[in-house]
C-alpha cells in the first residue's frame, strides 16, 4: 500500500502545516504549534510533521513509514498484554500473533496507511492509550508510583495527539475504583480526568463545517455506532450494522460475566481497550452523525474498530480457556472460531482493497500536479481534484516548498517523465 501512496501529501495536512511552517521556515512561537485540527489538539503529530520535513523533504511516504513504525510498537504492546496462560500452547500463541498482526495492521484502514498525515494522528493516539492501559494493568499488579505517573503522562500525550485519547480517562478512574487501589492513586486519576476533559471542553468550539451539536438526534447516534464498528468488514450499511450489533451484544455479555466473576485481571486490558473504542465510537457519533450514517464507514476510522474486534477475539480465547481447561476440548470451539475469523479477515481485505485502489489511482496524478507547479502553473481546479478539496492552504505554501526544495520540488519531474517516455519507447522497439 505504502509504495503506491505517492509522495505528495494532501487534504487537511496543508491546513495543519501552515500553522507551523512558512517561507520563513518553522515558527519559533510555541503557541503556533498548539493548534487544533477541527476539534483535535495535534501537537505531537505537528512535531512529527516537522521532523518528516527535515528528514524526507515532506514526503507522504515518510509519514506512512512513521505510521507503520508506531503501529509496530503498538503490536508489541498488544502482544505483551496477552496473558501467559494463553501463551503456553504454541498453536494458540501463533494464532494470537496472527490475529494481532492482521487487526493491528488492518487493511480496512488503507486511508491511514497511505495518507501518512492521517495515520500518524490515529495510530499515535491509540498507541499512547494502549501504553497507558499497559501501565495501569501493571499498577493493579504492583501499586507503585511510577506506574501511576507514566499512565497519566501517556494519557496526556495521547490527548495532545488526537482527541480520541480522551477515552482513556474514565477507564483509569474506573480501574482505580473497581480494584480498590490506594486512595492517592484513585484521587490522582479522578483529578487529572476532570482537568484534562474539562480543559478540552472549555476550549472546544464546533468546527464551522461540522453539524451543530444542538441538532443531535439520539436515533442517528444509536444507528451510527454499530455501523462504525462493523464497517471494517463491509461497506454495506445494513450488514455492517448487523455485525456491529453482534459485537455490542457480545461485549455486554463479556462485561456482565467479568463483573460477576470478581474482575479477573487477565480480562482487564482487553475490556479497557473495548471501552476506549466504544468511547471513540460515541464521540464520533455525537460529532459526525449529522453528516449521515454513511460517514461511519470512512476508512480513517478503521484502526479503532479493529482494536475492538481484536479485544473481543482475545476475550473469547480467555473465556474458552476458563470453560474448557482441557486443551483438547478447547479445539472443538477454536476451529469454528478460526473459520469465522478467516471469513471476516477476507472481508476486511476486500474492504481495504477498494480504498487502496481509489487512493492509488488518485496518486497517479501527483506527477502532473508537481510538473504544473515546477512549470510555474498553479491550477486550483487540478489541485482541488488531486491534492485537496480546499486548495488555498497548499497554494499558499508553494513558494515555501519551492524555496526549501520540498515535495513536489525535491526532484526534476520533467527529466523523470522524459526518461520514462524514452524507456517505454525503447522497450517497445526491442
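Distance from the Cα centroid of the range 109-168 to that of the range 247-319 is 16 Å (rounded to whole angstrom). Matching the structure-derived Cα extents along the principal axes in Å against the labelled list (i) 69, 56, 42; (ii) 70, 47, 38; (iii) 61, 59, 42 gives the label (i). Between the Cα long axis of helix 43-56 and the first principal axis of the chain there is an angle of about 50°, rounded to the nearest 10. Sorted on the mean count of surrounding Cβ atoms within 10 Å across their residues, most packed first, peptides 360-371, 159-170, 95-106 read 159-170, 95-106, 360-371. Axis of helix 60-81 versus longest Cα principal axis of the chain: the two differ by about 10°, to the nearest ten degrees. The angle separating the long axis of helix 392-404 from the principal Cα axis of greatest extent in the chain is about 70 degrees.
In the chain, helices alone account for a calculated mean residue ellipticity at 222 nm of -23000 deg cm²/dmol, with every DSSP H run of four or more residues adding -39,500 (n - 2.57).
FYI, it's all coordinate maths here, none of it is from the lab. Just so it is clear, the structure is predicted and the values come from calculations on it, not from any experiment. FYI the Cβ positions are ideal-geometry reconstructions off the backbone, even for glycines, and counts take in every protein chain you see.
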